[in-house]
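Can you read through this structure? Questions will come right after.
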Amino acid sequence: MAKILIIEDDRAISDIERDYLELSGFETGVAYDGVDGLNKALSGGFDLILLDLMLPGLSGEELLPQLHGIPVIVVSAKAAVCDKVGLLLGGAADYITKPFDTDELTARVAVRLREYSAPLAAVYVHGSLRLDTASHTLTAAGKPVSLTRTEYAI
């Protein structure tokens, strides 16, 4: 059973997220501020994080870069495309705008978990391109290609 960490300061919203996720068969943990959320996330044991942006203590934007190796779905009232794009390129696996539909939320969680749990091939080859996921290297026609972290993630 997948375990989801909900980092949300609005208790009514976190209760809704928790209740629907648990009804869908997920286990949950909740943090009501950014500092507690970071501590719980770093303690391990979670398969996915639902992250609000406007948190006391440590904002979601400050928290996101510190959450490596676990998919993060941002759940926020910020609806501007530039906010969404920036967060997706900055490491978020997905973005849901509040108010949200609970069926959509649970579906997106299930899809992200499925994507992140699928085994990755060690090396992908397409034409003269070779991407080695173990060493995080890309070559084109046998020559190394330098990629930023964001470029590699994409």
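Per residue, how big is the convex hull around the C-alpha atoms of the chain? Give it to me in cubic angstrom, could you?
122
Still on this structure, I have one more. Based on the alpha-carbon gyration tensor of region 93-154 and its eigenvalue square roots a ≥ b ≥ c, which shape applies: rounded if a/c is under 1.5, prolate if not and a/b is larger than b/c, or oblate?
Judged from the Cα gyration tensor, region 93-154 comes out prolate (a/c at least 1.5, a/b above b/c).
A follow-up question, please. With no solvent and one equal point scatterer placed on each C-alpha of region 1-67, evaluate the Debye formula and give log10 I(q)/I(0) for q = 0.12, 0.23, 0.26, 0.28 Å⁻¹, two decimals.
-0.26, -0.91, -1.12, -1.24
What number, in percent, do you get for the relative contact order of region 1-136 if the mean sequence gap of Cα pairs under 8 Å and at least 6 apart is divided by its residue count?
Reported relative contact order: 19 percent.
Whenever you get a sec, line up 116, 124, 32, 95 from highest to lowest accessible area (probe 1.4 Å, protein heavy atoms).
Descending accessible area places them as 116, 124, 32, 95.
Also, quick follow-up: Just to confirm, what accessible area per residue do you get for the chain at 1.4 Å probe, in whole Å²? The partial results should precede the final answer.
Values: 8600 Å² over 154 residues.
Per-residue accessible area for the chain comes out at 56 Å².
Right, something else. Regarding region 23-113, what whole-number volume in Å³ per residue does the convex hull of its Cα atoms give?
Once divided by residue count, the hull of region 23-113 is 97 Å³.
Additional query: Taking a quarter of the surface of the Cα convex hull of region 36-78, what do you get in nm²?
2.8
The values are calculated or read from the model by the stated rules, or taken from the named source; none is laboratory data. Only a predicted model underlies this, so the values are computations on that prediction, with no experimental measurement involved. Note: areas computed on protein heavy atoms with side chains; ligands, DNA, RNA excluded. Shrake-Rupley method; radii C 1.70, N 1.55, O 1.52, S 1.80 Å.
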